[in-house]
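Structure, as structure tokens:
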Amino acid sequence: MRRITFWYSSKPLSDDFYNACLDLTPLVEPINIQGAYLDLTGCRINREQITRLGSCAKGYIRIGMAASRLAARIAAVTTGLPSSTRPKDYRLHSWAEGKLIEILPQREAPFLASLPLECFYLLKPAQIKKLHRAGFSCIGDMAVLPSYELVRMLGEEGLYISNLARGIDHTPVMGLYPPSRMLYQLNFESALDNKLSLQQILHQAATQLAAQLRHKNFVCQQISLELQLGPYKDQAQRSLQAGSQEEQFLRHVLEGLSKTIMARYDTDYQISGLTIILDQLTPLSWCQPDLFSYRSISSAEEKPRLDHALVRLENRFPGFLTRGIAIDRREQVLALWDPWRAESP
């Protein structure tokens, strides 16, 4: 069972806080200067450790803990829980520098049901206004409504919002700290027994990772994939000479890495988890080419430039690039007088 926490501080969170978080889990996802997600699934953590970690933050800290991101964040940012929320749905732990609201297992939907729509931070103001006009006042009103009705009222987002209102949220916490790395990890409750399911999950991961890269204006230069295959854990990685942030390219690379790992085993093991690491992140910078000044290129510079261009093409279009036979010096000289000589018949 997942244990996701959302930490919200009255003051900006410092690097000391994030470095202390890395001692507990590699899945640390900053949201803004005052909030961050931590995935503590499988971590042995007690109140003393939480208190010590909270002391690294400079302000009063509120923590929400649940099996989903949505419930954890709502529990943390809601300053005063209404009296209609039942104490049997959560536990409240308080100390001088903060408090922790722990939603009990399988109680996310009852906890969210009595909260007002304004607590559902994914709803836009226009959507909240439309729901109020339709007679909705709390999150539970959306949960009991058939999903197709919310789709009719809110558009394509209605299905996603309907699942969230029922406490269904499988969105993973991505490791976005330190800034030079991205980590995407999933553990499956029931192991995958076919390659099509793995392909769909890799496509979804590529979509989320590419969106994060574009948001941060970064490109990655190394991609690693680790699969948990039965009793074995295997990893494959690929280095990119020129970084990329394109979704289709990430999909292609991840599919290739998964095939590389699976090919090492004669037996088809079920996949119980995966970890994707985007490493060596660098800012994407643009430069304006100089089209007016001429600079001659020496023969010593020409070959490295050609090799670099070929490597970039190979990374962008793997398996589609072929090299012809090098033209000898005599043919190059004769081609100065007869350009058609270099053309193949």
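Can you put THR41, THR5, THR282 in order of Cβ neighbours within 10 angstrom, beginning with the fewest?
Lowest to highest Cβ neighbour count: THR282, THR41, THR5.
If neighbour count is taken as other Cβ atoms inside 10 Å, put TRP7, TRP286, TRP337 in order from fewest to most.
The most exposed by this proxy come first: TRP286, TRP337, TRP7.
From its DSSP helices (H runs of at least four residues, each -39,500 (n - 2.57)), the chain gives a residue-normalised ellipticity at 222 nm of -11000 deg cm²/dmol. Sorting the segments 242-251, 265-274, 208-217 by their residues' average number of neighbouring beta-carbon atoms within 10 angstrom, most packed first, yields 242-251, 208-217, 265-274.
Could you give the DSSP H helices of the chain that reach 27 angstrom or more along their long axis (alpha carbon positions) and whose average Kyte-Doolittle hydropathy is no lower than -0.5?
195-216
Extents of region 99-235, largest first, come to 52, 39, 36 Å (Cα atoms, principal axes, whole angstrom). For LYS11, the lysines whose Cα falls under 16 Å of its own Cα, not counting residues fewer than eight places away in the same chain, are LYS58, LYS99.
Placing dummy labels 7 Å off each Cα toward the beta-carbon, the span from THR41 to SER94 is 3.3 nm.
Each principal axis of the Cα cloud of region 4-115 was taken in turn, and the coordinate range along them, longest first, works out to 38, 28, 25 Å.
Hydrodynamic radius of region 167-289 by the Kirkwood approach over all distinct alpha-carbon pairs: 15.1 Å. The packing ranking, built from the mean of other Cβ atoms within 10 Å per residue, places the peptides 121-128, 47-54 in the order 47-54, 121-128, highest first. Note on region 57-159: Kirkwood hydrodynamic radius from all Cα pairs is 14.7 Å, rounded to one decimal.
Highest GNM mean-square fluctuation among CYS119, CYS43, CYS220, for the chain modelled with Cα contacts below 10 Å: CYS43. Exposure proxy ranking for MET174, MET153, based on other Cβ atoms within 10 angstrom of each Cβ and starting from the fewest, stands as MET153, MET174.
Since every read-out is calculated from the coordinates, none of them should be taken as a lab result. Note that the structure is predicted; figures quoted are calculated from it, not measured. So basically every Cβ, Gly included, is an ideal-geometry build from the backbone, and we count neighbours across all protein chains shown.
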